[in-house]
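K.L.:
I am attaching a structure below and will ask some questions about it afterwards.
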Amino acid sequence: MKKLKVVLLESSLELAPGWPRGPLIDKRYHYHRMSSLPQKWKRGRPDIVHTTLILLQDSFLNMEGRLEVYIHTIDNKVYRVREDERVPKHYDAFKEIMAQVLEKGRVPPEGEPLIWLAYDSLSEFVKEHGGLILFWEGGRRAKFVDVAKDALENDLPVGIGMFPRGDFKRSTLRKATRRYSVAEGKPLKAWTIAYKLLCAAESLLGIDV
């Protein structure tokens, strides 16, 4: 059974030890503290992951068991999200469970995990899956249906950037088997890309609810 695999790349999910209004670094509360962090413009936005993850999990594709979701963090770890569970809709609750994931490597600490550490690096993830398709503004022009078809036919994960500004790290770009630019190179929100990719995959797989 063909599945769409999506990896949320370079997600700005980082612990904020000792910082007020934690547990994760959040630009709304930590703007001044973030001033000394390298590439601060790419950090402090857990909400991007939260919004995109809710959209993916609530999709018809996921309901049909045809979706796999992974979260790649800014510190280069890759986590797997269980398909038949839902992350909290409340943003603060989401930050709490992601803090547990970053600290313990999984959540909950015991029993069947909702989210767990699956790969110690993006390199390990790409090697295991045989490649990586990347949405990138500098990539080859394509339509969403072309990207979805490539991913489904070749069983390759599709990477979507989870940062508000800037570009992928060079190390991430080098790992991409193919890079695609959609919407004529227009900058798109992560959740918009995820939504359009889901629609294309559902159409190709005949999931018409």
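K.L.:
Using R₀ = 41 Å, calculate the FRET efficiency as 1/(1 + (r/R₀)^6) where r is the Cβ-Cβ separation of Ser121 and Arg28; round to 0.05.
P.N.:
Here the calculated transfer efficiency is 0.85.
K.L.:
Taking region 7-63, which chymotrypsin sites (Phe, Trp or Tyr not before Pro) meet the DSSP loop condition and have no more than 16 other C-beta atoms within 10 Å?
P.N.:
On the way: sites: Tyr29, Tyr31, Trp41, Phe60; in loops: Tyr31.
Listed in order of number, the matching sites are Tyr31.
K.L.:
While we're here: With only Lys, Arg, Asp and Glu charged, each at its Cβ (+1 for the first two, -1 for the last two), find how big the charge dipole of region 108-209 is about the Cα centre; round to the nearest 20 debye. Mind showing how you got there, number by number?
P.N.:
Working: 15 positive and 14 negative charges, 160 e Å.
That gives a dipole near 760 debye.
K.L.:
Of the listed pairs Lys40/Lys95; Lys77/Lys143; Lys27/Lys189; Lys40/Lys149; Lys104/Lys189; Lys42/Lys127, which have alpha-carbon separations greater than 24 Å here? Present the calculation step by step, with values, prior to reporting the outcome.
P.N.:
Working: Lys40/Lys95 19 Å; Lys77/Lys143 30 Å; Lys27/Lys189 18 Å; Lys40/Lys149 35 Å; Lys104/Lys189 30 Å; Lys42/Lys127 26 Å.
Pairs exceeding the cut-off: Lys77/Lys143; Lys40/Lys149; Lys104/Lys189; Lys42/Lys127.
K.L.:
Here is a further query. Calculate the spin-label point distance for Thr177 paired with Asp84, positioning each point 7 Å from the Cα along the beta-carbon direction, and give it in nanometres.
P.N.:
With each label point 7 Å from Cα toward Cβ, the separation is 2.9 nm.
K.L.:
Can you give the calculated 222 nm mean residue ellipticity of the chain, where each DSSP H run of n ≥ 4 adds -39,500 (n - 2.57) and the sum is split over every residue, rounded to the nearest 500 deg cm²/dmol? Let's see the in-between values first.
P.N.:
On the way: 8 runs with 74 residues, N = 209.
It lands at -10000 deg cm²/dmol.
K.L.:
Given the Cα-Cα distance of Asp75 and Ala93 and 0.36 nm per residue of separation, how much length would full extension add, in nm?
P.N.:
Details: separation 18, 0.36 × 18 = 6.48 nm, distance 2.18 nm.
Full extension from Asp75 to Ala93 adds 4.3 nm.
K.L.:
Quick one: check the C-alpha center-to-center distance for region 3-56 versus region 172-209, whole angstrom.
P.N.:
With region 3-56 and region 172-209 each reduced to a Cα centre, they are spaced 22 Å.
K.L.:
If you don't mind, there's one more thing I want to ask. Dipole size in debye (nearest 20) for the chain around its Cα centre, Lys and Arg Cβ +1, Asp and Glu Cβ -1?
P.N.:
Numbers: 35 positive and 28 negative charges, 203 e Å.
Its charge dipole is roughly 980 debye.
K.L.:
Just the Cα atoms of region 90-156: what Rg and Dmax do they give in Å?
P.N.:
Answer for region 90-156, Rg first and Dmax second: 16.4, 45 Å.
Each reported figure results from applying straightforward, stated rules to the coordinates on display, with no laboratory input. As the structure is a prediction and not an experimental result, all values here were calculated from the model. FYI the Cβ positions are ideal-geometry reconstructions off the backbone, even for glycines, and counts take in every protein chain you see.
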